[in-house]
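The values are calculated or read from the model by the stated rules, or taken from the named source; none is laboratory data. Just so we're clear, the structure is a prediction, and the values are computed from it rather than from any experiment. Methodologically, a virtual Cβ is constructed for each residue, glycine included, from the backbone with ideal geometry; neighbour enumeration extends over all protein chains shown. The accessibility values were calculated without ligands, DNA or RNA, using every heavy atom of the protein model including side chains. Shrake-Rupley method; radii C 1.70, N 1.55, O 1.52, S 1.80 Å.
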Amino acid sequence: MKFETCKTSFAAIDTDVLILGVYKGEEPKKVLLELDRKVDKELSANLESFLAEEGFKANGYESRSFPTFGTHPARRFLVFGLPVGGSPTETSRKFGANIARKLDLLKKATTVTVVLRTGGAASNSKSTKSKRTGSKAGSDRESQMSHVQALVEGMVMGAFDFDKYKTVSEKSTGGASGSSSKRKAATASKIRVAGLALNEKDFAEAVRRGLAVGEATNFARCLVAEPPAYMTPTRLAREAESMAKQSGLTAKVLDETEIKKLGMGSFLGVARGADEPARLIVLKYSAGRSKKTVGLVGKGITFDSGGLSLKPAASMERMKYDMSGAAAVIGAMKAIAALKPKVSVLAVVAATENMPSGKALHPGDVLKSMNGKTIEVNNTDAEGRLILADALTYAQQQGVDEIIDIATLTGAIVAALGRAAAGIMGTDQKLIDRVMQAGEASGERFWQMPLFDDYKQALKSDIADLKNAGSRGEAGSSCAGMFLKEFVDSVPWVHLDIAGVAWSEKNKDEINKGGTAFGVRTLSRFVMDSQP
């Protein structure tokens, strides 16, 4: 997608499709008049009458297509309902995603123009614009840039469709069954954005940011979407290396011999049941003169059978998504490389399968981790924390100043929070707050979970320093977090449990069906906000 500004007055916009958002409770006729007093009165009346007859209530980004029949230079209006309340930039992001999902229906549209109403009903009125002076103008500039970035992010994410393995697209309109026809991309590859007071430079910068984050999110989604027989630890490492080379990052991939030399017994304990070899993926973004390095650590279980503590078949069906934390970290690094913050970032991904075999980890085995602590394994399906333990130690040894790990770690977080938010916990409240703020600004929600010392009791082992699975059925996500805390020294640390939000069963707004790449937006935003 390519984006450009449209400085034409609303009443004179010549386009195939003009896309407009109407907030719930607004009168469409008044909206048009507020946008431009020169709008044809017959058009305003007809639009309002048409929407009323169609039962348009402006609920949940519902849309209606309205032919103008010559009463406006635009051949057709596409009107969306916008919610009142909540984050305005989140509304722009979801607006963009819903527009993208409609573009395929606009087969004959070669020009599409979006009217972006960045401050509600009165934001584009002449009286409002005339009062923009001084610091208020600067504030409006930043606000409009944020809205443009969110709109672009939403459109890029909403257009995502992983159809690599489809020989006949569900959306293809022609061809016999069994043909190899694919759905064609939407005709309109250029999107014009109207209703802004931004100059070309600021608009281009906002678009650049939105494309960087949106494309990185879709890249991570592709990593998750690939079948587990294809997206093995080796393939994941190759994809990360290829992305790093294209993006200007440094990359290092350690094989099992090198991992063993580092003393990563906990990581290798999980890996030993699989025929596919494990990989430790290390990516680095170096900012000139940076005095700070942010550490990002991702869980990369490319397929989780549960090991000898075998999962039921239904629970195994989606387990290719157990590397969503790794995908989020790799995707965030792609965005970071494009955004070029003034802070360095080290990303560490521990990648392996968790499989049952004659070599597999047994319940009752004892592993020695990289930091020297011994772990009694009482559940081989609590494997994510075992590989993260060594990855956290490695990141700290590389000299990071603060560290965030992200993982589809526990089913308990799904029971606690459902699919509405990810769990967050850690050792430093200021760092937790900063991550949550980055999530809020990015449209990703978190809920803080407790990390009380009481949970350490559940990790006590009779024969080792600790066991990997705590008290069954009680505070599972917090007990897992407490286990990870045992492998963090004095470095401020935050753990993100994304098991509930990393997969979706339906398309909704900017969230796609399948692996969502939750975390790419938050992590990249966090790094940008960490600049001095």
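General remarks:
- Tallying residues that are in a loop (DSSP other than H, G, I, E, B) and touching a residue at least 24 places away in the same chain (Cβ under 8 Å) within the stretch 15-36 yields 6.
- Of all residues in the stretch 1-22 being touching a Ser or Thr at 6+ places or on another chain (Cβ under 9 Å) and of a type outside the set (A, V, I, L, M), the one that is most open to solvent (accessible area, probe 1.4 Å): K2
- The selection criterion, being under 24 Å from V491 (Cα atoms) and surrounded by fewer than 16 Cβ atoms within 10 Å (Cβ to Cβ), holds for K430.
- Filtering the stretch 315-351 to residues that are acidic (D, E) and under 16 Å from the mean Cα position of the chain (by Cα) leaves only D322.
- Filter pass, L105 being at pLDDT 95 or above and not hydroxyl-bearing (S, T, Y): no
- Restricting attention to the stretch 399-424 and to residues that are in a helix (DSSP H, G or I) and of a type outside the set (G, A, S), the residue that is least open to solvent (accessible area, probe 1.4 Å) turns out to be I413.
- Of all residues in the stretch 489-505, those satisfying the criterion of being under 26 Å from the mean Cα position of the chain (by Cα) and part of a loop (DSSP other than H, G, I, E, B) are V491, P492, I498, A499, G500, V501, A502, E505.
- Criterion: open to solvent by less than 30 Å² (accessible area, probe 1.4 Å) and modelled with pLDDT under 95 - qualifying residue of A206, A188: A188
- Restricting attention to the stretch 109-166, the residues that are modelled with pLDDT of 75 or more, in a loop (DSSP other than H, G, I, E, B) and surrounded by 12 or more Cβ atoms within 10 Å (Cβ to Cβ) add up to 11.
- All of (1) hydroxyl-bearing (S, T, Y); (2) under 27 Å from L367 (Cβ atoms); (3) open to solvent by less than 40 Å² (accessible area, probe 1.4 Å) hold for S442 with one exception: (2).
- Residue list for the stretch 37-66, filter: open to solvent by 20 Å² or more (accessible area, probe 1.4 Å) and either part of a helix (DSSP H, G or I) or within 20 Å of T8 (Cα to Cα) (or both): R37, K38, D40, K41, E42, A45, N46, E48, S49, F50, A52, E53
- Test for V377: is it crowded, with 16+ Cβ neighbours inside 10 Å and under 24 Å from K467 (Cα atoms): yes
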